[in-house]
Amino acid sequence: MIGDVVLSPTLPPARDRRVRRSRAALMAAAVTLVTERGTADVPVSDIAEAADVSRRLVYQQFRDRDTLLLEAVLDLARRELLPHVTDGDGHARALALARHMALHRPFYRALLTSPCAFALNKALNGLFLPVNREAVQTAFGKRLDARTVEDLAAFLTGGWGEFIATWVVDGPEPLDPEEFTDRLLRTATALLTRHQKGATDG
């Protein structure tokens, strides 16, 4: 389900080494503070202080706090999720995703229950749409036209995104990545098998 993903940042990549360092420090501070406090409502001044930069620099590099938080999500996924989901079978990749979400549950849950939730869901869907498009193409070959492939990939991405978000927000404590992986793969198999059978019958 999860393959090679290229993340597109919401802001152009920084070229200057000092800018990259300060951006990395701000994103790391944002993840740490949101995780510790369990809320995305962390003042920009607190993030700047934790990163040892000026508040003005936050606005220069990220425009606002919500943009900083979204960039922090993408940076976290780049560093800690992608290296573990580029190889292996579907089970291994899905398990890597579930373990990542469980490990960083306080951070993701805080954002998924904040005003940033829509932007976060859109960003995460953007990560997995190309992967699910490839999965649909692999499952159906040339039996589906391009529009149907795109629609089915979007349908699966949105559905699984909501499935994962609900697990992160409302699931039992602690989360069980192995159990959730089994649920996710059973659902994926049922959906793709049903669609594939329908395409074959048609």
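The values are calculated or read from the model by the stated rules, or taken from the named source; none is laboratory data. The structure presented is a predicted model; accordingly, all values stated were derived computationally and were not measured. All Cβ positions, even for glycine, are placed from backbone atoms using ideal geometry, and neighbour counts span all protein chains on display.
Collect the residues in the stretch 174-202 that are modelled with pLDDT of 95 or more and outside any helix (DSSP H, G or I), keeping them in residue-number order.
Answer for the stretch 174-202, where residues must be modelled with pLDDT of 95 or more and outside any helix (DSSP H, G or I): 174, 175, 176.
To keep it simple, each residue is scored yes or no on (1) within 30 Å of residue 134 (Cα to Cα); (2) among the basic types (Lys, Arg).
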| position | (1), (2) |
| --- | --- |
| 21 | no, yes |
| 31 | no, no |
| 35 | no, no |
| 55 | no, yes |
| 67 | yes, no |
| 82 | yes, no |
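With respect to residue 69, is the statement that it is modelled with pLDDT under 95, buried (at least 17 other Cβ atoms within 10 Å of the Cβ) and within 30 Å of residue 150 (Cβ to Cβ) true?
Considered against the rule, which asks whether it is modelled with pLDDT under 95, buried (at least 17 other Cβ atoms within 10 Å of the Cβ) and within 30 Å of residue 150 (Cβ to Cβ), residue 69 comes out as no.
Being in contact (Cβ under 8 Å) with a residue 40 or more places away in the chain, surrounded by 17 or more Cβ atoms within 10 Å (Cβ to Cβ) and among the β-branched types (Val, Ile, Thr) is the filter here, so list the residues in the stretch 135-183 that pass it.
Within the stretch 135-183, 136, 164, 168, 181 meet the criteria.
Could you please let me know if residue 133 is modelled with pLDDT under 90, assigned by TED's automatic domain parsing to the domain that holds residue 180 and in a helix (DSSP H, G or I)?
Numbers: modelled with pLDDT under 90: yes; assigned by TED's automatic domain parsing to the domain that holds residue 180: yes; in a helix (DSSP H, G or I): yes.
Yes, satisfied.
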